[in-house]
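Here is the structure we will look at, set down as structure tokens.
The values are calculated or read from the model by the stated rules, or taken from the named source; none is laboratory data. Source: prediction; values computed, not measured. Glycine also receives a Cβ, built like all others from the backbone with ideal geometry; neighbour counts cover every protein chain displayed. Protein only, heavy atoms only, side chains kept; ligands, DNA and RNA dropped before computing areas. Shrake-Rupley method; radii C 1.70, N 1.55, O 1.52, S 1.80 Å.
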Amino acid sequence: MIPQKIICVDIGSTYTKGAVFNPTEDRFNVSARAVVPTTVNYLPDGFYKVLEALIPGSGSKQAYDKAEFPVFFSSSAKGGLKIAVIGLVPEMSLNIARLAAFSAGARVCAAFPYRLGKANIAQIESLAPDILLFCGGTDGGNERYALENSKMIAASKFAGTIIYAGNNFVADEVAETLSNKDIVVTENVMPDFGKLNIEPVRDAIRKVFLEKIISGKGLDELVKKFETLPVPTPLAVFNLAKAIGENVKDWDNFAIIDMGGATTDFYSYTNAFHYDGETVMKGILEPILKRTVEGDLGMRVSAESTYETGTDYFGSIGFDESKLNELKNYTLKVSESPEYLPENEKEKMFDRSLAGACIYHSLLRHAGTIEEVFTIKGRIWAQIGKDLRKINKIIGTGGYLAAMGRNNEKIIIPSEPSTPCEKIPLLPQKFTYHADNTYILPLLANLAEKYPKQCAVTAIESLINEQQN
Amino acid sequence: MSTPYNIVLGVIGSDCHSVGNKILEAYFTENGFNVTNLGVMVSQEEFIAAAIETGAKAILVSSLYGHGEIDCAGLREKCIEKGLEDIILYVGGNLVVGKVPFEQVVEKFQKMGFDRVFSNEGSLDEEAELLRKDIQERLK
């Protein structure tokens, strides 16, 4: 039985947003929305303000009637869930560990292959991630690095939670060495060479998020009051992407780009490898739903690094030297005032170009590559990473893309690299762009796990089909 | 028998001969080895990545299309650089083009750092026995 009214709230690092949904058999209609600044010192204050704005009288701290309207919420406050990953070979266990952390809705703040040195430990101590995801070695495989690294971590000042998901033959020994720390042991992310086993790590991360990370920010109060468990915002969007891919007709090869001031998140839903008789897959076969996060690509806090990364892209869309200089000055200005909104047509164009660079580079990094190999049987292709060529729909969400969509501003998403590459990137070739103009997806996404079908249908209906590539 | 030894198997370079590779996988698995088979068209880096992650005691390289010498050069050095100083390297197949006496082929590949070199006419039973011995010797 679906309740008559559902409230969803997303606590972001800048704004706390909420919406009231009125469910019918097959979709959720939005009947009210509200936004207030996030109350960073005590998150429930902003949360109650949103509730009060949505349904007057509901935002008091008095008893709450769950039967009347259940509340779902997500949070990316205080920068979200921060994870550092440790693996062995960069392309193998370390890569899988990163994928696992991303798909649990985390931000990867550092990644360390092989043996941890003193400098690595110092970096972990100063970054102070919420979780250290410790992987490496197949089951029954390499033991040396896990044993040595566990000693280094045990002697460190790291005070967060360690999730061990490496070679299970030494799990007991690692847990013993790290018994002075908060440690959780779960299944290996790569039990056999090249084989992914991401779900147990995702579960472990989610549990740690619920048990440890939400306390102390006031979120635990909301959990008690509303008898509901929060998810990290990107995990909600991840669940929504899964729901869309599994439930909506013609949506089985798509991507979602969620662009913010500091990061760009990229989600792809498509088979990683399409067997065609002349391409061989090298390295790991990535999952059908994959998320990556780029910490140096964003519209404000990361504008300067976006400019540095995007130089070639800007050139390819017609920026000459003087225009590049202007853009550079603009990025310097906006990176210092994250709240800044463009004031004239030129600045709007700069924002559009920055958005294009964020999309292009997050896409390029998310995508795999192929290269030509000549064998005695003729030419074949060797593929590394995920094939995005079949993606035929791209959803743009996040505050900036929503605003650009509302203003009918067009963003150029190239299907070819802007500079020649040695290996050919497997970018989407022919796609339609769908803008989340009402910026409803992150709120709706809260319902994706419980009501996947209705949630997915509503999400797709809310999008504005803007442009053809 | 104690825990089976982990070994890595594959056909190096741009070589896509897959039949022998499948036979080797089946044979060594049946004879008590824990085989990670990388299949065909395997680069040196892939062999090494697999050997590190699986903690392999030996890498068995096949080459059947005559370019073995170019493909295999530098594998031992790369292994040492990646901390696999003690790994056993075997190579076998049609290693060179033309009618080079097999003793010369063996010499060539041993100089490159391979522990044993096999032609395409050996007995697998003998090979497995040698491998087991070599691993035990290396573990001492």
Open item on the list: When you scan segment A:69-76, do you find a residue that is modelled with pLDDT of 95 or more and either within 14 Å of chain B (Cβ to nearest Cβ) or crowded, with 24+ Cβ neighbours inside 10 Å (or both), even just one?
Closed with: no
Task: Verdict on A:ALA241 being within 28 Å of A:GLY12 (Cβ to Cβ), crowded, with 17+ Cβ neighbours inside 10 Å and not assigned by TED's automatic domain parsing to the domain that holds A:ILE460 - done: yes
Task: Elements of type helices (runs of 4 or more DSSP H) in segment A:364-469, at least 2 residues being among the polar types (S, T, N, Q) and either in contact with a helix residue (DSSP H, G or I) (Cβ under 7 Å, 6 or more places away or on another chain) or crowded, with 20+ Cβ neighbours inside 10 Å (or both) - done: A:452-462
Open item on the list: Out of the residues in segment A:135-160 meeting the condition of being assigned to a loop (DSSP other than H, G, I, E, B) and over 24 Å from B:ALA51 (Cα atoms), tell me which one is most open to solvent (accessible area, probe 1.4 Å).
Closed with: A:LYS157
- [ ] Evaluate segment A:313-327: report whether one residue or more is crowded, with 16+ Cβ neighbours inside 10 Å and either assigned by TED's automatic domain parsing to the domain that holds A:ALA110 or within 30 Å of A:VAL189 (Cβ to Cβ) (or both).
- [x] no
TODO: Mind checking which strands (runs of 3 or more DSSP E) fall wholly inside segment A:193-282 and carry at least 1 residues that are under 14 Å from the mean Cα position of the chain (by Cα)?
DONE: A:254-259, A:264-269
Task: segment B:104-125 - residue that is charged (D, E, K, R), touching a strand residue (DSSP E or B) at 6+ places or on another chain (Cβ under 8 Å) and not in a helix (DSSP H, G or I) and, of those, farthest from B:LEU75 (Cα to Cα) - done: B:ARG116
- [ ] Name, by its number, the condition in (1) under 28 Å from A:LYS290 (Cβ atoms); (2) within 14 Å of another protein chain (Cβ to nearest Cβ) that does not hold for A:VAL108.
- [x] (2)
- [ ] Give the residue, chosen from A:ILE163, A:ILE183, that is in a strand (DSSP E or B), more than 14 Å from chain B (Cβ to nearest Cβ) and out of contact with any Leu (no Cβ under 8 Å at 6 or more places or on another chain).
- [x] A:ILE183
Open item on the list: Scan segment A:238-251 and tell me whether some residue there is within 27 Å of A:THR39 (Cα to Cα), of a type outside the set (Ser, Thr, Tyr), touching a residue at least 60 places away in the same chain (Cβ under 8 Å) and touching a Lys or Arg at 6+ places or on another chain (Cβ under 6 Å).
Closed with: yes
Task: Subset of segment A:17-53 (residues that are over 21 Å from A:LYS450 (Cβ atoms), under 23 Å from the mean Cα position of the chain (by Cα) and crowded, with 19+ Cβ neighbours inside 10 Å) - done: A:THR38, A:LEU43
TODO: Give segment B:80-93 a look and list any residue that's at pLDDT 95 or above and over 22 Å from B:LYS22 (Cα atoms), or say none.
DONE: B:ILE87
